[in-house]
Each structure stands twice: as structure tokens, then as C-alpha cells.
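What follows is a set of notes on a single structure, which appears directly below.
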Amino acid sequence: MHSASSCTMERMYSRSLRRLGVPRAMSATGGMVPSLVWSALLVALMAGVYLIAVQTPWGQDLDQRAFLTLRGTGATADVPHVVGLGSVTDVRLWLVSIVAIVGLGLLAGRRLSIAPLLALPVVSILITQFLRDELLTRADFDGFSWAMNTFPSGHAAAAAGCVAAIVRAAPRRIAPFLAVAGVGWLTLVSQDLMVWGWHRPSDLLGSILLAAALMHLVPGATGGASRSSAMRGRTFIAVLTALAAAVGPLLWAVATDHLAVAPVGLVAAVAMASLVADGGPADRRRVSRVARGTDHERVKPSDGARGQQYHRGRITAGIE
């Protein structure tokens with residue numbers, strides 16, 4: 001009887017919370033589904049870039065032509081080394097990224113999910129190196145047996161991994177602004193990588209898509225609104241983020257006449273905006289808590305709800 005009464009009270013408490021607009025806690029399995037879909041979509045896009053730009057003759061030709069418009073040109077003067085390729089190999093980038101991920105993560109109420117956010121940028125580098133050097137090959141359509149595969153780029157993966165981790169760690173209200181700024185920086189780094197002759201545009205696209213795909217595996221921010229309305233709101237903000245982030249690379253490409261960087265900037269804008277769109281699951285599951293960032297805060301019912309709950313509990317106990 002006591003067990004039945006406790007279950008009844010718990011159900012009534014859950015109903016009271018829902019009347020107050022408090023959603024049920026998101027399960028780890030159900031909450032991961034949208035994130036896994038986003039991750040799979042980005043990986044599929046990465047595979048598509050590889051199959052077209054590396055494994056078809058016309059794709060290789062288009063990729064190479066875009067690459068040659070920048071390789072060895074004076075475009076290095078457009079970008080200060082401290083914010084271009086040089087920043088990727090600078091230890092200060094990693095220190096700033098660590099501080100930003102931890103600080104923004106704590107500000108968003110994160111705890112457990114900070115660890116994978118710190119690790120995944122390094123993981124993305126290791127995966128790109130394995131794919132490029134061990135698994136993927138470049139089709140030899142020109143008879144150059146010495147032509148080696150350069151897809152994807154480790155340097156681009158490092159830069160994109162840091163940006164994606166910072167965007168994923170940040171509170172929802174800050175993430176779109178960080179995504180816009182991060183896409184601008186990725187565009188400059190990508191230009192430098194092509195100018196110095198290290199990577200083709202397709203290499204950069206693959207790395208950016210991979211880094212964003214990995215970051216979708218980390219719990220994201222979940223709101224206090226209903227799941228459907230929250231998803232609509234996030235999608236709207238993500239579309240605005242993608243549009244705003246694409247403006248900078250497009251203007252830069254037109255102003256400098258370096259059109260090869262435009263596709264990289266556009267793909268980076270979409271990839272980073274996808275992290276804004278994906279709320280992801282909560283870190284933990286608690287019946288009496290709602291998601292805040294990736295963790296939770298207690299929700300106290302109003303006095304009226306507590307009184308109604310107590311009154312119904314007494315009636316139910318009397319019946320039993």
C-alpha cells in the first residue's frame with residue numbers, strides 16, 4: 001500500500017510539474033538521436049566531398065584549379081601570420097581554447113561534458129591523420145604515381161576542432177556569435193593552407209565536416225520549453241547563424257578575388273550552425289529537474305501546486 005501510494009504521489013508530482021510548463025527529463029537514448037543524425041549527415045557530406053573531389057577526374061580537376069588560384073601567390077600578405085596558418089601551430093591557440101572551453105562550459109552549467117570537449121579536437125587530428133595516411137587513397141588519373149592523398153587536412157581539423165568545441169561548450173545565447181567569429185577565422189586559416197600549397201579546398205572541407213560531426217557526440221544545450229518548440233527555435237537561430245557566418249567569407253572572397261575560399265567558408269558556416277541547431281541530450285536524467293545547458297537545476301513547484309498535490313495525495317491514500 002505504501003509503495004502504491006508513493007507511486008501515485010510521484011505521478012501526481014510529475015503532472016503538477018507539467019502543468020507548470022516543466023517538461024519531462026530527456027532520456028539519454030532519445031536525446032542522442034538528433035545528435036547522431038546530425039553527426040551522420042556531416043560524415044556523409046564528408047564522404048561525398050571525398051568521392052567527388054578525390055575519386056573522380058572532373059572533381060580532381062575542379063579542386064586542383066581552385067587550389068592553383070591561391071598556391072604560391074602573394075595572398076600571404078592578406079592574412080597576418082598570427083591569425084592565419086601560424087596560429088594553428090601556436091601553443092597559445094590551444095591554451096586559449098582550453099580556457100574558453102572550460103570557462104564557457106562552466107558558464108553553461110556543464111560539468112561532465114567538458115572532458116570530451118577538451119579531448120575531441122585532438123581526436124579529430126588523429127582521425128584525419130589515420131584517414132589521410134592509412135585508409136584513404138587518391139585516384140591517379142594523370143599517371144603521376146607519386147601523387148599522394150592529402151584528404152583530409154590535419155591543420156584544418158585542429159582549427160575546426162577548436163572552434164567547434166568552443167561553440168558546443170558555450171551557453172545557447174553566446175554560441176551563435178562564437179560560430180560566426182569562428183567561421184571567419186577558419187576561412188583565413190584555410191586560405192593560408194592553400195596559399196602555402198599544403199592542402200586543396202576539398203581537404204579543408206573534409207576536416208571541417210569531420211570536426212563538427214565529432215562534436216555532435218557531446219551533449220548540447222537543452223531548453224526549458226517543450227521539445228518541439230525548442231527545436232523550432234533552435235532551427236531558426238541556426239539558420240540565422242549560418243547566414244550571418246557566410247557573409248564574412250563571401251565578402252572576403254569577393255574583395256580579395258580569392259574565390260576558392262568561398263566554398264570553405266560556406267561549408268564551415270553550415271557545419272558550425274548545425275551545432276547551434278542541435279540541442280542534444282542532457283548530461284543526467286532526473287525526474288524533478290529540467291535541463292539547463294547540459295546539466296540541470298531544481299524546479300520547485302508553486303505553493304498552489306504543492307497544496308493541490310498534498311490534497312490529492314490524502315484523497316488517494318484514503319481510497320487505498
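Got a number for residues in the stretch 82-132 being of a type outside the set (Val, Ile, Thr) and part of a loop (DSSP other than H, G, I, E, B)?
Within the stretch 82-132, residues that are of a type outside the set (Val, Ile, Thr) and part of a loop (DSSP other than H, G, I, E, B) number 8.
Taking the stretch 92-118 as the search range and keeping residues that are free of Cβ contacts under 8 Å to residues at least 40 places away in the same chain and small (Gly, Ala, Ser), which one is nearest to Ile166 (Cα to Cα)?
Gly103
Would you pick out the residues in the stretch 254-270 that are crowded, with 19+ Cβ neighbours inside 10 Å, touching a residue at least 60 places away in the same chain (Cβ under 8 Å) and hydrophobic (A, V, I, L, M, F, W, C)?
Of everything in the stretch 254-270, those that are crowded, with 19+ Cβ neighbours inside 10 Å, touching a residue at least 60 places away in the same chain (Cβ under 8 Å) and hydrophobic (A, V, I, L, M, F, W, C) turn out to be Ala260, Val261, Val264, Val267, Ala268, Ala269.
Residues checked against (1) under 14 Å from the mean Cα position of the chain (by Cα); (2) surrounded by 24 or more Cβ atoms within 10 Å (Cβ to Cβ):
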| site | (1), (2) |
| --- | --- |
| Phe130 | no, no |
| Leu136 | no, no |
| Thr150 | no, no |
| Ala157 | yes, yes |
| Ala169 | yes, yes |
| Gly184 | no, no |
| Leu204 | no, yes |
| His216 | yes, yes |
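Does the stretch 165-187 include one or more residues that are in contact with an Asp or Glu (Cβ under 8 Å, 6 or more places away or on another chain) and hydrophobic (A, V, I, L, M, F, W, C)?
no
Could you please give the count of residues in the stretch 236-253 that are of a type outside the set (S, T, N, Q), surrounded by 19 or more Cβ atoms within 10 Å (Cβ to Cβ) and over 30 Å from Asp61 (Cα atoms)?
Qualifying residue count for the region: 1.
Computed from the coordinates by the stated procedures, all read-outs in this text should not be read as laboratory data. Predicted model only: the values in this text are computed from it and were never measured. Methodologically, a virtual Cβ is constructed for each residue, glycine included, from the backbone with ideal geometry; neighbour enumeration extends over all protein chains shown.
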